[in-house]
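The values are calculated or read from the model by the stated rules, or taken from the named source; none is laboratory data. Source: prediction; values computed, not measured. Quick reminder, even Gly has a Cβ in these numbers, built from the backbone with ideal geometry, and neighbours come from all protein chains shown.
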Amino acid sequence: MSEGRLVLVATPIGNLGDLSPRALEVLRDADLICCEDTRRTRALLSAKGLAARARLLSLHEHNERGRTDQVLAALAGGSLVAVVSDAGTPGISDPGEHLVAAAVAAGLEISTVPGPSAVLGALSVSGLPTDRFVMEGFLPRKGKERAERIELLEREVRTTVILESPRRLVATLTELAESLGGDRPAVVVRELTKVHEEVLRGRLGDLPHRLEGEEVRGEIVLVVGGAAPDSAAEASDEQILIALRRARSEGASLRDAASVVAEVLGIPRRRAYELALAD
């Protein structure tokens, strides 16, 4: 039997009308549908007149690694396997990244049905520069790792996209204003494509006060403007090492990590490479 195909299918982040015709076709024809929450995917299929049958397999952050071999076996046996998250594009701060990496390593066919993305949607309506941007996802909740990540953002000249929970939004905005400066432009995008969609634009120092006392609900994406290139201070060795270690932890080779960090921090590549060698 010929090998199957793994398809990453983007699903609506709110408005069900955003599910594309090709996404419907893949979900209709798939032998197996890997989903973050089987209940939500079953409801989506039902709303679109598709039968779930016994095709749904839960694949979330707690079991993805344990389920990967099962999915690879299905692909090797010729199955068409679709991967969806609860909303948006799989693998972007959602399950799927590990599975895709394993499928790549196994030489299996992988394709995508692009579509809804909270990250790109928020970025596109923010009004901030979109030619170069960085996706931070969810910041660490506390401790040294959180402090290090925020410290790197102080010098980040690209627009930054951050995901945050409603209950931590005001605290995160306040902390970013203290570290990055209250004048840094920022946009809070809430409940994108849903009935109560809201786009709140302002400065990091002002936004916490505008949200104070409100009961913030729903999915939140925070878009923050980059630092002015001519105002960014020279990066310290410690900042460079933090960035290098992060890039290496995400799978970059030593040379690639040095190149990326040099570009982001605006330092000579040789300096980044020498620090990486000495670390």
Exactly one of (1) farther than 19 Å from Val7 by Cα; (2) surrounded by fewer than 19 Cβ atoms within 10 Å (Cβ to Cβ) is unmet by Ser111. Its number? (1)
Residues satisfying the stated conditions in region 188-215, i.e. in contact with a Ser or Thr (Cβ under 9 Å, 6 or more places away or on another chain) and within 24 Å of Thr11 (Cα to Cα): Val189, Val199
Could you tell me whether any residue of region 164-180 is surrounded by 16 or more Cβ atoms within 10 Å (Cβ to Cβ), within 21 Å of Val260 (Cα to Cα), hydrophobic (A, V, I, L, M, F, W, C) and under 18 Å from the mean Cα position of the chain (by Cα)? no
Any idea which residue in region 205-252 is nearest to Asp183 (Cα to Cα), counting only those that are within 23 Å of the chain's Cα centre (by Cα), surrounded by fewer than 18 Cβ atoms within 10 Å (Cβ to Cβ) and in the same structural domain as Pro166 (by TED's automatic domain parsing)? Val216
What number of residues in region 1-57 are touching a Lys or Arg at 6+ places or on another chain (Cβ under 8 Å) and not hydrophobic (A, V, I, L, M, F, W, C)? 3
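Would you mention how many residues in region 115-131 are touching a residue at least 40 places away in the same chain (Cβ under 8 Å) and surrounded by fewer than 14 Cβ atoms within 10 Å (Cβ to Cβ)? Please lay out each step first, then the result.
In the first step, residues of region 115-131 are kept if they are touching a residue at least 40 places away in the same chain (Cβ under 8 Å); the result is 115-119, 121-123, 125-129.
If we keep only those that are surrounded by fewer than 14 Cβ atoms within 10 Å (Cβ to Cβ) too, we end up with 127.
Residues in region 115-131 being touching a residue at least 40 places away in the same chain (Cβ under 8 Å) and surrounded by fewer than 14 Cβ atoms within 10 Å (Cβ to Cβ): 1 in total.
Do any helices (runs of 4 or more DSSP H) lying entirely in region 194-279 carry at least 1 residues that are among the acidic types (Asp, Glu), and which ones are they? Reasoning before the result, please.
On the way: elements: 207-211, 237-249, 254-265, 269-278.
Once the helices (runs of 4 or more DSSP H) in region 194-279 are filtered for at least 1 residues that are among the acidic types (Asp, Glu), what remains is 237-249, 254-265, 269-278.
Looking at Glu197, Glu156 in this structure, which one is closer than 30 Å to Ala278 by Cβ and either out of contact with any helix residue (DSSP H, G or I) (no Cβ under 6 Å at 6 or more places or on another chain) or in contact (Cβ under 8 Å) with a residue 40 or more places away in the chain (or both)? Give the steps one after another, and end with the answer.
Numbers: Glu197 fails: closer than 30 Å to Ala278 by Cβ.
Result: Glu156 is the single residue among Glu197, Glu156 that is closer than 30 Å to Ala278 by Cβ and either out of contact with any helix residue (DSSP H, G or I) (no Cβ under 6 Å at 6 or more places or on another chain) or in contact (Cβ under 8 Å) with a residue 40 or more places away in the chain (or both).
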So, first residue assigned by TED's automatic domain parsing to the domain that holds Glu97 in region 63-83, second residue surrounded by fewer than 18 Cβ atoms within 10 Å (Cβ to Cβ) and among the polar types (S, T, N, Q), Cβ within less than 9 Å, six or more apart or across chains; the pairs are Arg67/Ser58; Gly78/Ser2
